[in-house]
Structures are given as structure tokens and as C-alpha cells.
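The block underneath contains the structure these notes are about, expressed in C-alpha cells.
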Amino acid sequence: MFSFDFLFVQVLNGVGYGLLIFLLAAGLTLIFGMMDVINLAHGSFYMVGAYVGFSMVSRTHNFWLALVVAPIVVGAVGLVIETGLLRRLYRRVQLDQVILTFGLAYMATDIVKWIWGPDVRSIDPPAGMDGGTDVLGNFYPTYRLAVIGIGIVIALLLWFLQRRTRIGSIIRAGVADKEMVSGLGINVGLVFSGVFVFGAALAALSGVVAGPILGLYQGMDSDTLIIALIVVVVGGLGTLTGAFWGGLLIGIADTFGKVLIPEFSLFLTFAVMVVVLLVRPTGLFGRRLA
Amino acid sequence: MKMKALTPLGGLLCLALAACGGSSAPASSAAAPASAAAKPSTAAASASAKPAASGAASAKPAASGAAAASGAASSSGPIKIGWVSSLTGALAPAGKPMDNGFKMYLAEVSNKAGGRDIQVITEDEASNPKDGLDKVKKLVEQDKVDILAGLILTPSTYASIDYIEKQAPRKVLLVGTNAGANDMDTTKKSDYFVRTAFSNAQANYPMGDYVFNTLKISKVYDTYSDFAAGPEKVETFAAGFKKAGGTIVGTEKPPFPSTDFAAFLTKIKASDAQATYNFEPGNDGVQFTKQYAQFIDKNKIKYLGAGDNVDESNLPAEGTSAVGAITSLHYYSTLDNPENKKFVDSYKSKFGGEVPGSFAVQGYDGARLIVDALNKTNGNADPKALMGAMLGAKWNSPRGPVSISPEFHDIVQNIYVAETQNQNGKPVNVVTKTFEQVQPYIAS
């Protein structure tokens, strides 16, 4: 009933969107895996990253510079939050951390509105990428292909960092058993700061990457947080592999939901989440609970 | 260790979803289905306007006496206007300019009408129907305002009219400056509600005939954000288009809000449509328009639709991706008339060079209607007296000549067709056609 070209382009749409939401979720799952902190300000890091990127691009017209600067700025904000506020709450119950990050998210919404105003904004794609490219005889937006590329590169980079470097092994060990890691003489406080800053920077980076496609608007922080939470829950809490496949699954399900059963596309992503949780309560790649 | 983390996470998802549900509330509003339209009503009842207006004006002393006796609204001191707009949340890009326009007009008349001072009490609807109704109640019951005006959301407006009619401790007139539900002209018409915005059918029904007979397009693919206004606007276009002889080859209803339209656009591209007719407001419109330009060649499948998609609040973000769109609306900032020139200049100088769009002019005209009516009633804000003074009112708005239909309590106005053109790298809506004095109600 559908031609090959049609299905091929829809798969590209699904994979592109899936990798985009993988990027949104990666920082959230990283912070949760290491620190046991559900960072409800994750969407705010994403939003602030996107707006900083917007200001950079509209001034310098250099998308790639924004892609570097926004994560640095937001990473610095993350550092201040982690060392100044969050660190004091590690010994308290988890709800306290949740309330803190939730409060920060509210503040971020108002601060962004105060600085950048309520109007809808958009980041221009990098020069030469606002047109289309021929993919197997199909005209396809170049920037979306670039997002697929960026998503894969970052996924590989994160995989390499986690599996093949010393920092990665410390983080993996920390996910498994924090006390033991600190018992081995590793400064867990420093690792926590590092992971939080990295997670914030990753959120900001995804904000800049998503800017040309999803746009900058009031409420983008909570929309993003919800998508990221769904991806993380579907993929398995705390695993990057889970976020990757969770993102792809949701992206493709969302796209084909819109194609095949548009009436239900709004809650299809939630339906996928429910089914995954029924079959595997810890998510696709979550560790089974003892 | 992770076990205890799972429990709050579930709660958090619910919390976040609830928060989101609030901001995207228009999606959940029960929209009255667009009534099948047949032909524009020609029942312009301006002739009957004068007797109604003068009759009410002559009843003024009695009415003001009644108001004073009930001890609710004061008849001396400043007139209190309760003004509600969405200043925060997803609809702030519409609510802020509406607020600017409303207050700009009041400043132009030095906040005076009918020999009395005007005091505006502003409340935030926060892009959420519940907040809208709560703020209206607070303004009536606590602040004891004399007149209500504003509201961005259709559900807030429905609920507020209902509240005034059935629950409010005293009756107050509400001047609606944005909600466009068609049935507010007829089955939901109220003695306490008058509108300076538009009806959803008003700008879209005439496009049906225009697209078929003038643009010579016979196959159209419809798309609209799936909430109250979406079906009303696009289905009234479809009714007019089909009546003229056209065929709707498909309809896509992206959930509202959406950010990624790739799947829908790929479907449209694979169809045999000659054009699309679209309504996606706010950020949805920006992303839809940008992605449309990336996926679809507008020379092959034309981009038509409601002017909301290329409103001034969206154009800067859309940039040249909007070029080629042919849309219809009751106001474009490029309209060539002296009132509009003055309006645009003064708005730009007041608000940092920002160009006013349709929301700004709706607020501006709302304030104007209130001030003119208060001048007629010599400062009497009794709802019956005010309504009498408002029905049949005529003035030259920045959007052209307008009047308030005594039959529908709604605005009669010109509808413009504009093509978005590239002028020195900037998108500009250039008006190419005017439908004169279109009635808000399209008879079925």
C-alpha cells in the first residue's frame, strides 16, 4: 500500500527524530545512573542551551561555534548548581533533590522569558544545510541527515567514553556501588560534579542540535523533560544503551503512528511505554531488580 | 538502591504530565463541530443598530440608578476594567501583544472615558483555562470590576460567559478579544458578551471560493492542529471550497502542540494535492512552516492557510521559509490605511521595534470599543447600557472599517488575502485581495 520510497523516507524521519530524543535523554540518564538524582531541571538545561545557541547563531552566524559555546555556558551553570546547592542534599531523601531541581526548573522558565522574551524563536541550520540532499532518489532535508550523523557520532563517543576509558570505568563502577568506589580511594564528590556538569552540557548541546527542528518556545523545557523521561524509562534507568534504543523505538513508533493511525499518535508513545514496562518493568536495558 | 528510585519517578511522570496538560489545555477543550456552511450571511443589520443604541442610551439614568442601588459597581470614582490575557505559558507570544495593544489604546485616550478615569486590573490567564476562569471570578468578586475584557483561550471564554450568566453575584459585560468559536455568535450568544476578535469561519470560509475560482486549485490537502480552533477554521474553509467545486484529498490533524511534522509532510508530498490548507498556531506554525519548506517544493504543492501561521509573532522565527504562503486573516501589519500606519508606527516605537500582529490589533480594538461605549453612556458601565452602546458601533480600525453586528454581538470586518514575499531577505505579508465587510456568522 505504500511505496518503498515512502517507507524509506518515513524510516529516515523516525530514525532522525529518535536520535534527536536520544540526545535529549542521554544527559538525564547519565546523571541518574551515576548519582541517583532525578534531575527535573534537565529540560531547563536543554532550554537554556538552545537559547544561548540562538543568541550565538544570530550574532555570529556560526552554528558550530554555538554548538561548542552553549554546552560550556550551561556546564558552568551546572557546576554552580551542583557544588552550591545539590551537593548539600545527597545525604537527604531523594524527594528533597527532586524538589530542588523542580524549583530550579520553574526559575529557569521565568529567567529565560525575562532575558529572551516570550516569542517563538528558531535557530538557523548551519550554512549550506538548510536545503535538501538526494538520498536514493529522495529529496531529504540536509540538516535532518546531519542530525542523524551527529546522533550516531555522539552515541559512539559516549560508548567509547564509558567502555574504553578510565573515567568511564569509574562511572560504571559508581553506578554499581558508590561506597565501594569511594572505598578504593576515588574522590566520588569530584566524579559527581564531573558527571553533573557533563550531563548539563549534553542537554545544552542537544538544545542547539534540536533548535533548527523543534524550535524555541515557552514550555519547551517541560515538553522536553517529559520526552526525556519516557525515553529513559523505556530504555532502562541509568543506561546509555537503553537511552539510545529507547530513543529510536519511540522515534520510529511516533513517526509510524502518525502515518498509520494518526488519531492515536498523541498517546502512542505512552502506549509503547506502558507495553515495555509491562513486559520488562525495568525498561529494555535496565538491570533486573533483585 | 535503584528500587526506591523507581517509585518517585512514576509520580514525577504524572506530575510532569499534569503540568503539561495544563499548558496544552486547548487540546482538551470540547469544540463545537464546525457547522456546515453554505453561504455567507448577508444579513447585515446595521439599520437596526441605531434604535437599539439610542434606546439603551436613553435608559441610562435608570440603569445607573439600579447599579448604585445594588451597591456593587460604583458609579463614581474610576471605572475598573478587569483585563485577562495569557502573559505566561505557551500562548504568551499571543497574549503579550494583545496586552500591549489594549493598554496602548487606553494610553492614547489618557485612561479616561465618559468623564471618568479608567483603572485596569491585569490578571494572567497563564495559557490555561482554569486560570482564566479563576482570574475572572477574582476580578468580579474581589476587585469588583465594572467591565471584563480579554482572554486568549476559547475554553476560558466559554467558562467566563457561563459564569457571568449563571453564578456571578452581579452581571458584568465581557469584551472578548481573541477566542473565535463560531457558536459564540449564535447558540452561545450572550447578553453579556461582545467580541472584537473574529469568528473562526470569518477569514476561512471566503478562501474556499477564492482558492477554487481565482487560484484555480481543485485538489487540496488540509492540515490543522487538533484543538478547538483547528477544525473550525479549516473545516469552514473545506465547506466553502467543496461548495465551489473543489476536492479535499486528505486531512492531517497533528496533535497540539507538536514539534516534528516530518511524518505528515512526507504523506502530503506523496499525495496528488495541488495545495495544502493549514492552521497551526504559535510554535507549531513556525516549525510546520519551516519543515514544509524543507520537505515540500511550494511551487509543486502550494502552501495556503489561515494567516495565523504567518502572523507577525511567527514571521521572524520562520524567516524565508514562509515565503510563498498564501493566507487569509482579518489583519496584516502591511495594510495600507492611515489608521494602520499610525498604529504600527506608535506600536513599534513603544515596544522596541516589534511589529504588531493580529493579537495586538484585537486588544487595541477591544479597548477602543469600551472607551467609545463609555463615552456614549457618560461613564455608565451597567452591562445593558454598555451593550446597547456597543451594538452597531462603527469605527475605522487599523484593520480597516469595522462595526459590531447587533445580530451576532461580533465584529464585521474586512478579510484580507496575503502572499508572503521575500523583500530583501525578510518575509513580508503583501495583501493581494480584500473581501469587504465579511459577517462573522456564516449561515448554514
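The values are calculated or read from the model by the stated rules, or taken from the named source; none is laboratory data. Bear in mind the structure is a predicted one, so any value in this text is a computation, not a measurement. Please note: Cβ atoms are built from the backbone with ideal geometry, for glycine as well, and neighbour counts cover all protein chains shown.
This table checks each residue for (1) more than 13 Å from every other protein chain (Cβ to nearest Cβ); (2) within 23 Å of A:Ala76 (Cα to Cα); (3) at pLDDT 90 or above.
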position: A:Phe139; (1), (2), (3): no, no, no
position: A:Gly168; (1), (2), (3): yes, yes, no
position: A:Val188; (1), (2), (3): yes, yes, no
position: A:Leu202; (1), (2), (3): yes, yes, yes
position: A:Leu214; (1), (2), (3): no, no, yes
position: A:Val231; (1), (2), (3): no, no, yes
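Of all residues in segment B:246-284, how many are part of a loop (DSSP other than H, G, I, E, B), at the interface with chain A (Cβ under 9 Å from one of its Cβ atoms) and aliphatic (A, V, I, L, M)? Of the residues in segment B:246-284, 1 are part of a loop (DSSP other than H, G, I, E, B), at the interface with chain A (Cβ under 9 Å from one of its Cβ atoms) and aliphatic (A, V, I, L, M). The residues listed here are B:Met104, B:Met98; of these, the one that is at pLDDT 95 or above and away from chain A (no Cβ under 14 Å) is B:Met104. Going by the structure shown, is B:Asn429 in contact with a strand residue (DSSP E or B) (Cβ under 7 Å, 6 or more places away or on another chain), in a strand (DSSP E or B), outside the structural domain of B:Pro93 (by TED's automatic domain parsing) and not aromatic (Phe, Trp, Tyr)? So B:Asn429 passes the test. When segment A:127-159 is filtered for residues that are outside any helix (DSSP H, G or I) and either of a type in the set (D, E, K, R) or surrounded by 18 or more Cβ atoms within 10 Å (Cβ to Cβ) (or both), the ones remaining, listed by number, are A:Met129, A:Asp130, A:Gly132, A:Asp134, A:Tyr140, A:Pro141. Of the helices (runs of 4 or more DSSP H) lying entirely inside segment B:336-393, those containing at least 1 residues that are more than 30 Å from B:Arg170 (Cα to Cα) and in the same structural domain as B:Ala107 (by TED's automatic domain parsing) are B:338-350, B:358-376. Summed over segment A:248-290, the residues that are touching a residue at least 60 places away in the same chain (Cβ under 8 Å) and away from chain B (no Cβ under 13 Å) give a count of 2.
Results for (1) assigned to a loop (DSSP other than H, G, I, E, B); (2) of a type outside the set (S, T, N, Q); (3) surrounded by fewer than 23 Cβ atoms within 10 Å (Cβ to Cβ), shown as yes or no for each residue.
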position	(1), (2), (3)
B:Lys130	no, yes, yes
B:Lys144	yes, yes, yes
B:Ser156	no, no, no
B:Asn178	yes, no, no
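Kindly indicate the residue of segment A:1-38 that is outside any helix (DSSP H, G or I) and within 11 Å of chain B (Cβ to nearest Cβ) and also surrounded by the most Cβ atoms within 10 Å (Cβ to Cβ) among those meeting that condition. Taking the candidates together, the pick is A:Val37.
If you check B:Lys219, B:Lys253, B:Lys233, B:Lys243 for being of a type in the set (Lys, Arg) and surrounded by 24 or more Cβ atoms within 10 Å (Cβ to Cβ), only one passes: B:Lys233. Residue count for segment B:301-331, restricted to those that are in a loop (DSSP other than H, G, I, E, B), touching a Lys or Arg at 6+ places or on another chain (Cβ under 9 Å) and within 11 Å of chain A (Cβ to nearest Cβ): 1. Scanning segment A:98-126 for residues that are part of a loop (DSSP other than H, G, I, E, B), under 22 Å from B:Gly352 (Cα atoms) and touching a residue at least 12 places away in the same chain (Cβ under 8 Å) yields a count of 4. All of (1) surrounded by fewer than 24 Cβ atoms within 10 Å (Cβ to Cβ); (2) aromatic (Phe, Trp, Tyr); (3) not in a helix (DSSP H, G or I) hold for B:Phe198 with one exception: (1). The lone criterion from (1) more than 19 Å from A:Gly33 (Cβ to Cβ); (2) in contact with a Leu (Cβ under 9 Å, 6 or more places away or on another chain) left unmet by A:Tyr143 is number (2). Restricting attention to segment B:218-233, does a residue exist that is free of Cβ contacts under 8 Å to residues at least 60 places away in the same chain, in contact with a Ser or Thr (Cβ under 7 Å, 6 or more places away or on another chain) and within 14 Å of chain A (Cβ to nearest Cβ)? Looking through segment B:218-233, at least one residue is free of Cβ contacts under 8 Å to residues at least 60 places away in the same chain, in contact with a Ser or Thr (Cβ under 7 Å, 6 or more places away or on another chain) and within 14 Å of chain A (Cβ to nearest Cβ). Flag set for A:Ser44, criterion: modelled with pLDDT of 95 or more, part of a helix (DSSP H, G or I), within 13 Å of another protein chain (Cβ to nearest Cβ) and over 15 Å from A:Ile230 (Cβ atoms). Only residues that are among the small types (Gly, Ala, Ser) and in contact with a strand residue (DSSP E or B) (Cβ under 7 Å, 6 or more places away or on another chain) were counted in segment B:346-399, giving 6.
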